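Comments concern the structure below.
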Amino acid sequence: MKNILKLLFALLFVVNFSCHDSENVIDGVLDNEVGAVLRTISLDNGILNSSDPASEFLVTVEYQDEADGALLSEVRVSTYFRDLSPDNGTTPESAAYVYSVPASDFTTDTPHGLPRAQLGVTTAQVLEATGLTTGPDVMLPGDSFVIQFEVVLTDGRAFGPSSAGSSVTGGFFASPFQYSALLTCSPEPGDYYVQMYDGYGDGWQSTGIEVCIDDNCENILVTSGNYEDTTISVPEGTGVLSWNWAGDSYPDEVFVVVYAPDGSLLFFGTGNPPEGMSLYTNGAYPEAVWAEVFGDETSPNYGNHVDMSVGLQPITLCAQ
């Protein structure tokens with residue numbers, strides 16, 4: 001079996017290596033230079049929902065060693081939080097053990113008879129392991145948890161991200177031993193009040209903002225004149241709420257204000273930076289909010305402003 005696999009892998013490597021070089025790489029992987037690989041078969045779910053403790057990161061992997069998988073003892077799962085939103089402070093990265101998967105949880109009913117399993121970790125598990133909470137002062141959507149795997153062999157050897165060289169992390173082996181689970185959240189249910197302004201007074205020159213509640217989408221915009229408002233009602237149990245701006249021929253005239261279900265200011269966005277906004281006598285703009293965000297430094301909304309880029313807007317309020 002091992003010799004058959006070596007021949008197969010040698011053929012796969014022929015594009016990038018000579019036959020002699022490819023066999024050396026394969027020998028190194030299947031014998032003792034690298035020792036073992038945990039090849040990615042499929043990334044089945046790459047996100048963790050901070051609002052749902054049962055949300056689960058899932059990946060299907062296949063184990064391989066010089067004995068065709070017979071040396072597997074267990075796979076240790078660990079994680080650490082990667083803070084990608086420094087505006088709310090920085091949470092230090094520190095690896096934490098989550099749990100172990102015994103070799104008996106792997107199946108050999110696979111195309112090549114190599115041990116294969118779907119490995120997962122839930123939101124509740126990573127939070128318990130790291131001791132973190134889901135509060136906005138700790139983590140926000142767009143942050144991530146890095147999920148790491150370490151294979152332990154029956155002879156005591158162990159291999160993980162630190163032992164994975166370029167020969168196994170890419171290409172056929174695709175064995176990085178670690179993955180990034182993007183952090184998302186379910187939206188707070190309730191009514192989101194949206195005010196839309198046009199600084200010239202002739203409406204927006206685009207399809208406006210596409211608001212999607214799970215798979216149900218609608219477009220909201222100023223169709224004519226200088227102002228329109230609407231309410232977006234988000235029901236209990238909604239998984240995803242997204243706001244996608246199509247841009248505008250005159251972005252310097254676009255203002256968007258969104259209030260959370262509790263009435264607090266959630267989002268104030270402008271199509272151009274404030275110093276580039278065009279205000280005309282026949283147009284309109286959110287004067288009161290503008291004063292809170294840019295004028296009064298004692299206001300709780302001071303600085304709460306977003307320069308809107310085309311695409312998804314950072315309008316997020318996680319369910320508690």
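The values are calculated or read from the model by the stated rules, or taken from the named source; none is laboratory data. Values in this document were obtained by computation on a predicted structure and should not be read as measured data. For neighbour counting, all protein chains shown are included, and Cβ atoms are generated from backbone atoms with ideal geometry for every residue, glycine included.
Couple of notes before you dig in:
- Tally, over segment 59-75, of residues that are in a strand (DSSP E or B) and surrounded by fewer than 17 Cβ atoms within 10 Å (Cβ to Cβ): 2
- Taken together, V222, V234, V258, V254 contain a single residue that is crowded, with 16+ Cβ neighbours inside 10 Å, in contact with a Pro (Cβ under 7 Å, 6 or more places away or on another chain) and not small (G, A, S), which is V234.
- Of the residues making up segment 87-131, those that are surrounded by 16 or more Cβ atoms within 10 Å (Cβ to Cβ) and in a loop (DSSP other than H, G, I, E, B) are T91, F106, L114, P115.
- In segment 150-164, the residue that is nearest to the chain's Cα centre (by Cα) out of those that are modelled with pLDDT under 90 and of a type in the set (S, T, N, Q) is S162.
- Segment 261-284 - residue that is among the hydroxyl-bearing types (S, T, Y) and at pLDDT 90 or above and, of those, nearest to D191 (Cα to Cα): S264
Conditions (1) closer than 30 Å to D137 by Cβ; (2) without any contact (Cβ under 8 Å) to a residue 40 or more places away in the chain, marked per residue:
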| position | (1), (2) |
| --- | --- |
| Y80 | yes, no |
| L84 | yes, no |
| P92 | yes, yes |
| A96 | yes, yes |
| A117 | no, no |
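- Single unsatisfied condition, D229 versus (1) among the charged types (D, E, K, R); (2) in a strand (DSSP E or B); (3) crowded, with 19+ Cβ neighbours inside 10 Å: (3)
- Identity of the residue in segment 277-320, surrounded by fewer than 17 Cβ atoms within 10 Å (Cβ to Cβ) and charged (D, E, K, R), that ends up nearest to D252 (Cα to Cα): D307
- A single entry from A95, A54, A70 fulfils the requirement of being aliphatic (A, V, I, L, M) and over 20 Å from Y179 (Cβ atoms): A70.
Residue by residue, here is whether (1) modelled with pLDDT of 95 or more; (2) not hydrophobic (A, V, I, L, M, F, W, C) holds:
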residue	(1), (2)
L140	no, no
S166	no, yes
G170	no, yes
T184	no, yes
I209	yes, no
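- Within segment 178-225, tally of residues that are in a loop (DSSP other than H, G, I, E, B) and of a type in the set (V, I, T): 3
- Flag if G225 is more than 21 Å from the chain's Cα centre (by Cα) and at positive phi: yes
- When restricted to residues that are free of Cβ contacts under 8 Å to residues at least 60 places away in the same chain and of a type in the set (K, R), segment 119-163 contains 0.
- Residue list for segment 35-58, restricted to those being part of a loop (DSSP other than H, G, I, E, B) and more than 18 Å from the chain's Cα centre (by Cα): G35
Per-residue answers, yes or no, for (1) under 25 Å from A70 (Cα atoms); (2) within 14 Å of the chain's Cα centre (by Cα); (3) at pLDDT below 95:
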| site | (1), (2), (3) |
| --- | --- |
| T107 | yes, no, no |
| T122 | no, no, no |
| V126 | no, no, no |
| G131 | no, no, yes |
| T134 | no, no, yes |
| S144 | no, yes, yes |
